[in-house]
1. Please indicate, with yes or no, whether at least one residue in the range D:8-30 is closer than 13 Å to D:Thr285 by Cα and out of contact with any strand residue (DSSP E or B) (no Cβ under 7 Å at 6 or more places or on another chain).
2. Taking the condition of being closer than 20 Å to C:Phe382 by Cα and more than 21 Å from the chain's Cα centre (by Cα), how many residues in the range C:318-328 meet it?
3. Are any residues in the range D:216-240 in contact with a Lys or Arg (Cβ under 8 Å, 6 or more places away or on another chain) and either closer than 22 Å to A:Asn41 by Cα or more than 9 Å from chain C (Cβ to nearest Cβ) (or both), and if so, which ones?
4. Suppose we keep only residues that are more than 16 Å from ligand 1 (Cβ to nearest atom) and either facing chain C (nearest Cβ under 9 Å) or closer than 24 Å to D:Tyr235 by Cβ (or both) within the range D:93-111. Which one would you say is surrounded by the fewest Cβ atoms within 10 Å (Cβ to Cβ)?
5. Of all residues in the range C:43-89, which are aromatic (Phe, Trp, Tyr) and free of Cβ contacts under 8 Å to residues at least 40 places away in the same chain?
6. Could you check the range D:191-211 and list, in sequence order, the residues that are farther than 24 Å from D:Arg304 by Cβ, among the aliphatic types (A, V, I, L, M) and away from ligand 1 (no atom under 16 Å from the Cβ)?
7. So which residues in the range D:367-378 are crowded, with 24+ Cβ neighbours inside 10 Å, at pLDDT 95 or above and within 11 Å of chain C (Cβ to nearest Cβ), if there are any at all?
8. How many residues are surrounded by 24 or more Cβ atoms within 10 Å (Cβ to Cβ) and among the basic types (Lys, Arg) when one looks only at the range C:296-330?
Amino acid sequence: MTGATPSASSGLYSDVIRDRWRRPRHRGELPGANAVAEDVNPLCGDRVRMMLAVAPEGRITEARFLGDSCAICTASADVVADLVSGRSRGEAAALDVSDVLAVLQAEIRPTRMRCATLPLSVLAQALDGSAKP
Amino acid sequence: MTGATPSASSGLYSDVIRDRWRRPRHRGELPGANAVAEDVNPLCGDRVRMMLAVAPEGRITEARFLGDSCAICTASADVVADLVSGRSRGEAAALDVSDVLAVLQAEIRPTRMRCATLPLSVLAQALDGSAKP
Amino acid sequence: MRLDELTRSDFPILQRIVNGRPLVYFDSGASSQKPRAVLEAMNRYYERSHANVHRSIHTLGEEATELYELARDAVQRFIGAPSREEVVFTRGTTDGLGLIAETIGRTLRRGDEIVVTELEHHSNLIPWQLVARDRGAVLKAIPIREDGTLDLDAFDRLLTPRTRVVAFAHVSNVVGTINPVIEIVRRARAVNALTVVDGAQAAPHLRLDMSALECDFYVFSAHKMLGPTGIGVLYGRRAVLESLEPGRGGSEMIKEVWIDRAQWNDLPWRFEPGTPPIAEAVGLTAAIEYLEKLGMDRISEHERALTRQTQEGLARIPGVTVYGPPANVERGAVVSFAVEGLHPHDVAALLDEEGIAVRAGHHCAMPLMRRLGVVGTSRATFSVFNSPDEVSLLLTTVAGLRSAL
Amino acid sequence: MRLDELTRSDFPILQRIVNGRPLVYFDSGASSQKPRAVLEAMNRYYERSHANVHRSIHTLGEEATELYELARDAVQRFIGAPSREEVVFTRGTTDGLGLIAETIGRTLRRGDEIVVTELEHHSNLIPWQLVARDRGAVLKAIPIREDGTLDLDAFDRLLTPRTRVVAFAHVSNVVGTINPVIEIVRRARAVNALTVVDGAQAAPHLRLDMSALECDFYVFSAHKMLGPTGIGVLYGRRAVLESLEPGRGGSEMIKEVWIDRAQWNDLPWRFEPGTPPIAEAVGLTAAIEYLEKLGMDRISEHERALTRQTQEGLARIPGVTVYGPPANVERGAVVSFAVEGLHPHDVAALLDEEGIAVRAGHHCAMPLMRRLGVVGTSRATFSVFNSPDEVSLLLTTVAGLRSAL
Ligand SMILES: Cc1ncc(COP(=O)(O)O)c(C=O)c1O
Ligand SMILES: Cc1ncc(COP(=O)(O)O)c(C=O)c1O
């Protein structure tokens, strides 16, 4: 699927978004998470919580999310969880919206961009918060 | 002069206004005034002080004014002082802008109306203040 | 003729094509569209008469001042205010509510109580939170019942001799509830509390009469009632306005100024610091004249029919929930709904694909969202130019949505 | 081509006939006229793209939001602000100054000191008086010298470790003094005081660069710089804005809200409660583009020539007094004057008879009037479309005035 061009997705939402919205792979609680953050999109009230299990040497062994969120935000959170799993803390922190959009195979309109970026900023907060101690 | 029609006055200011602005009859201090008030036109900062000498039985024996004021306001104050002299307190209080305009022989534009009415409102304050004791 | 047939051609924006479809604008509750007459009035003003107001002797200044003050007369008439000095121009509902909260705030003491409701827009909540925090006052909220109406018995229990302010919406911007202003004012009066009514969702739709409502303050925005952005109205009962120190300072609102002190101007200018929104006032006059020409009763009736059609139609679609009072109760020109399995954002985005503009989200009423147990809703709101056919299109489109994602 | 020759046809209002004569508008300092491009931009917005901003998923809402935020970029560029988050939209200079006074006010303690100047517009004085009164702070004013410039030695003596704010005009709206912003900011910084600059009379006329001025806050109005009424700008240094609690509450400026508390939104929206002046922001963008196309340096030069012509010409008329710095000192596009034996009101009224619009009165600067020992002045102010011929007409008309009354 990563080989498909954006134009392959029809209508407002790409097939990847539809699919990840209907069947997110990483939605749910993550017991034992040691890097957790939650934030809200002030424009709509959407809320996303990212939970990471970070191994002592700094590798993210698992990531999950919970959220009251729209299709774009949910799909984005799911992709973010996908992308960070197995990565180092530094690699995860370097993740950027273009990486997420590449997987989503979607053009996101300006007003929905925050739907796509909220999971990333929650990720950054989670990494930040856990980096301190 | 009271017989002249408004159209007899030429230009922006009537002859009465010009005349009373150049040579006001009642401008100056009034020593022994027992009803005094002063107020300001908030739109321009013009200030008028009305001083009345009121006899015990309630007749205004003399009226004078002082003011940093434009031609219309000065002429109006001068006319007000004219009109109240010799009148009872009640008669003075009944004075109204149309009485002043009739003497001024002028059409006053809306934004200058407060220039014409300021002396009347100061008069009302002077009468009010002195009425209380 | 139906109102939409009469008015559609007055709104230039209705020519817009959105995503290949003619625009169907169901978001007037957020901000209404403007009839040509409003735009023309502002253009005429800028092209012929613009100058600053009040302090000017020249011709343009006189014309501008007269036009600005004529807007005050228009508002006075439109809301049935006893006198023009009771009409203060603000920059909008939020500005007016903030202004009055700050102004009343200065008179509050520690332990005084402010009562709001659970269905307030944030603009009638946050200013009171700030005041309560600053003054050590207590903020309480009247709860709502399941159907989105206020629990007035609970209100009675909240009222105490320390209640100083009761602030509430005339019409809810989410569930459309029309609150019983007269009744609430009566009870607040009984404990000598001031009443502040947020009329943002009422002014565009209901005939207003301040003498009948008897509230102390009533606040609304022009941009929701066919007028321009940038201006609003604060009505205040004269006796109360006169008793208050102005909350905000600047030019225009003073009589005399020294470096260390100032003497306030007369009403209403005492509460209008700075150069006011002059062109916007001219536009508001035109909006009021437009509404009056149509007739507020006729407008209410038209919008109520659309509202009922929407409410009943949506309720018949499987998986759709409609919030707020039942269809047989009068409500404002607003219907909030949810589509099972779809986030409100996605509902709005999918409708936009068909050219239909509805709003989605928390509608600046997060406490109410929490009460309803949702993150947000999708919301359709109506204006004079909306038609039954547009509503039918909304209904069929919503009916097809669940398979869309 | 001279700037007036280039621009006159862009201003529809210059077709106006006043009292039988073509309008000569010398009151841009109170409020400027608008080029057609500004009115057209607002019309286009209302006719094609209007909706409320920020919370909306539909197409019009997206367009409106984009246009509104583009205005922020335009302002950032126009004033040389380091980042767009530092540009807050207000309703005008008075509103911006009031907002920042209230916001800083919350951080002041009894005995803290606020320094203003003797030549402030009331809008940069009264808000500080209110704050000083509320917080028990002390208000001091930098005196001016005979020529209308600030006495900076006296300023040094006023500064103390308790000085928390220094608030001053960039350009005086009465005597035209251009205050040395960089110098004042440097001295204020030395005692850790915040600096608030009232740029109402500078923004229309001078090239601005926030990075160079280094003040903490800079405030101005669109309506004085060829833009619409109803909108203004508050620039705030990011670090300072971030450290402040918002002074005013409402929608848009929050992230999450409960009945008893709220969490603030990010910059700049934290300081923009309620529906903003959207169409006005679009108009402001057009005004900025218009000014930029002409070039601020060229504008300054043009207006400076007119100012000098007026100042020197008036000074040569017997019985006429000109206030402010001498002609060889740079000043803003404003000349205040008095005609012996005539009240300023009457001067303005008599000039209006000839179609010439000047302002007369205290210009919202009563303490300065007292300092100058007058009730008011007559004041001519200039814009891009004014011509040397218009100034000549002013000069000959003023020369004939003393016999007019
Ligand atoms: C120096 C100065 N400050 C503040 C203001 C107030 O601006 P506004 O009336 O647009 O709020 C003005 C203009 O009147 C001014 O000239
Ligand atoms: C009930 C209610 N109150 C207040 C507001 C705020 O109005 P504005 O954004 O025009 O200040 C709105 C609209 O958004 C509203 O619907």
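1. Keep residues of the range D:8-30 that are closer than 13 Å to D:Thr285 by Cα, which gives none.
No, every residue in the range D:8-30 fails to be closer than 13 Å to D:Thr285 by Cα and out of contact with any strand residue (DSSP E or B) (no Cβ under 7 Å at 6 or more places or on another chain).
2. Let us first name the residues in the range C:318-328 that are closer than 20 Å to C:Phe382 by Cα, namely C:320-328.
Right, trim to more than 21 Å from the chain's Cα centre (by Cα) and you get C:320-322, C:326-328.
Result for the range C:318-328: 6.
3. As a first pass, look at the range D:216-240 and keep what is in contact with a Lys or Arg (Cβ under 8 Å, 6 or more places away or on another chain): D:216-217, D:226-228, D:230-232.
Across the range D:216-240, the qualifying residues are D:Asp216, D:Phe217, D:Leu226, D:Gly227.
4. At the first step, the residues of the range D:93-111 found to be more than 16 Å from ligand 1 (Cβ to nearest atom) are D:103-111.
Subsequent filtering for residues that are either facing chain C (nearest Cβ under 9 Å) or closer than 24 Å to D:Tyr235 by Cβ (or both) retains D:103-108.
Working: D:Thr103: 21, D:Ile104: 25, D:Gly105: 22, D:Arg106: 16, D:Thr107: 14, D:Leu108: 20.
The qualifying residue surrounded by the fewest Cβ atoms within 10 Å (Cβ to Cβ) is D:Thr107.
5. From the range C:43-89, those aromatic (Phe, Trp, Tyr) are C:45-46, C:68, C:78, C:89; that's our starting set.
Passing the criteria: none in range.
6. D:Val191, D:Ala193, D:Leu194
7. Residues satisfying the conditions are D:Leu368, D:Ser378.
8. Residues that pass the stated criteria total 0.
The values are calculated or read from the model by the stated rules, or taken from the named source; none is laboratory data. Keep in mind that what you see is a predicted model, and the values were worked out from it rather than measured. Methodologically, a virtual Cβ is constructed for each residue, glycine included, from the backbone with ideal geometry; neighbour enumeration extends over all protein chains shown.
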